[in-house]
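What follows is a set of notes on a single structure, which appears directly below.
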Amino acid sequence: MLSRLAAERATGVLMRERGTIYLCDGEVVHAESPVAPSLDVLLTARGALPADGWREAVSAAGARNRVGRFLVDSGRIAQGALELCHLGALYDAAYFVLGPSGTPARFRYGAAHWLGPVRPVPVAALERETLRRRALLHRIWSDPATDTAPLVRSHRGAEPPVTPRQAALLGRMDGVSTAADISLALGRPAFHTLVDLRRLAAAGIVTAAPPPAPAPLPTVLSQPSADPDVALLRRLRDALEAL
């Protein structure tokens, strides 16, 4: 579908299960996914732009779909720095948007993102990069469980040394947070987090948290009762215990 839209030089938004991709004249101008930090998170986390500067730009130019242009023209960020961060955010989100999906994609013609074009990317280049990233993760560690599950450190005696970036990930593992949660908390591209997590999993340092224990069965009174609901619960309990 994306290739067909590129061939017809379509403008609008492609909506999939894990996010959206915006096209202008058949090229990709923006991508967003709930599991990847957005452009403003990446810019402010790295200190490239204060949070107030981002909010002012959205307020002043969001209605005209020219937030990117406003940031550069007002001197809040250099054109090259904006393009670099935007490309990182675009490829990062698109990796998840273009992943396997259980629902059909939809395209709304004419829709434009309020950021406005920064540096368009050809669809073919986006597809190649998405496939390259998928293959890289598989080479590192073929089990994708750490991509989406809550994470914990493995219990082992001696661990191999880790990089400072990996150590920051380990410090965020609490058995509840996922890769997406950790990426957002640290203000890092989500795909980079997946790479580090797969390397940690391959080294035996990180694993997916075990599923929570099932809730205990309700206690049923042992004395005889004329209540049919209590009698039914007792029979269910006896049947389960006999399994």
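The values are calculated or read from the model by the stated rules, or taken from the named source; none is laboratory data. Keep in mind that what you see is a predicted model, and the values were worked out from it rather than measured. Here Cβ is always computed from backbone atoms with ideal geometry, including for glycine, and neighbour counts include all displayed protein chains.
Sort out which residues of the range 107-142 are touching a Lys or Arg at 6+ places or on another chain (Cβ under 8 Å) and at pLDDT 95 or above, and write them in order of number.
Applying the first criterion (touching a Lys or Arg at 6+ places or on another chain (Cβ under 8 Å)) to the range 107-142 yields 116, 137, 140-141.
Scanning the range 107-142 gives LEU137, ILE140, TRP141.
Is one or more of the residues making up the range 89-96 in a helix (DSSP H, G or I), in contact with a Pro (Cβ under 6 Å, 6 or more places away or on another chain) and not assigned by TED's automatic domain parsing to the domain that holds HIS192?
Taking the range 89-96 first, the residues in a helix (DSSP H, G or I) are 89-96.
Subsequent filtering for residues that are in contact with a Pro (Cβ under 6 Å, 6 or more places away or on another chain) retains 92.
When the remaining residues are screened for being not assigned by TED's automatic domain parsing to the domain that holds HIS192, the result is 92.
Yes; the residues of the range 89-96 include at least one that is in a helix (DSSP H, G or I), in contact with a Pro (Cβ under 6 Å, 6 or more places away or on another chain) and not assigned by TED's automatic domain parsing to the domain that holds HIS192.
With within 21 Å of SER33 (Cα to Cα) and in contact with a Pro (Cβ under 7 Å, 6 or more places away or on another chain) as the only criterion, which of LEU184, LEU194 stands out?
Working: LEU194 fails: in contact with a Pro (Cβ under 7 Å, 6 or more places away or on another chain).
When all the criteria are applied, what remains is LEU184.
Would you mind telling me which numbered condition in (1) out of contact with any strand residue (DSSP E or B) (no Cβ under 7 Å at 6 or more places or on another chain); (2) within 30 Å of PRO212 (Cβ to Cβ); (3) surrounded by 12 or more Cβ atoms within 10 Å (Cβ to Cβ) ALA125 fails?
The failed condition is (2).
Checking the condition more than 23 Å from ARG9 (Cα to Cα) and of a type in the set (D, E, K, R), which residue from ARG172, ARG128, ARG119 passes? Talk me through it step by step, then tell me what you get.
On the way: ARG128 fails: more than 23 Å from ARG9 (Cα to Cα); ARG119 fails: more than 23 Å from ARG9 (Cα to Cα).
The conditions single out ARG172.
Restricting the range 128-157 to residues that are farther than 30 Å from ALA57 by Cβ and among the β-branched types (Val, Ile, Thr), which is surrounded by the most Cβ atoms within 10 Å (Cβ to Cβ)?
Going through the range 128-157, the residues farther than 30 Å from ALA57 by Cβ turn out to be 128, 131-132, 134-157.
Retained after the next criterion (residues that are among the β-branched types (Val, Ile, Thr)): 140, 146, 148, 152.
Details: ILE140: 16, THR146: 24, THR148: 13, VAL152: 16.
Of everything passing the filter in the range 128-157, THR146 is surrounded by the most Cβ atoms within 10 Å (Cβ to Cβ).
Any idea how many residues of the range 135-144 are touching a helix residue (DSSP H, G or I) at 6+ places or on another chain (Cβ under 8 Å) and part of a helix (DSSP H, G or I)? Lay out the reasoning, then the answer.
Of all residues in the range 135-144, those touching a helix residue (DSSP H, G or I) at 6+ places or on another chain (Cβ under 8 Å) come to 136-137, 140-141, 143-144.
Those still in the list that are part of a helix (DSSP H, G or I) too: 136-137, 140.
Adding up the residues that qualify gives 3.
Could you tell me which of the residues ALA51, ALA60, ALA78, ALA111 is out of contact with any helix residue (DSSP H, G or I) (no Cβ under 8 Å at 6 or more places or on another chain), among the aliphatic types (A, V, I, L, M) and surrounded by fewer than 17 Cβ atoms within 10 Å (Cβ to Cβ)? Give the steps one after another, and end with the answer.
Details: ALA51 fails: out of contact with any helix residue (DSSP H, G or I) (no Cβ under 8 Å at 6 or more places or on another chain); ALA60 fails: out of contact with any helix residue (DSSP H, G or I) (no Cβ under 8 Å at 6 or more places or on another chain); ALA78 fails: out of contact with any helix residue (DSSP H, G or I) (no Cβ under 8 Å at 6 or more places or on another chain).
Answer to the check: ALA111.
Pull out all pairs, ordered by first then second residue, where Cβ-Cβ is under 7 Å, the residues are six or more apart or on different chains, the first lies in the range 166-191 and is surrounded by 21 or more Cβ atoms within 10 Å (Cβ to Cβ), and the second is basic (Lys, Arg) and assigned to a helix (DSSP H, G or I).
PHE191/ARG133
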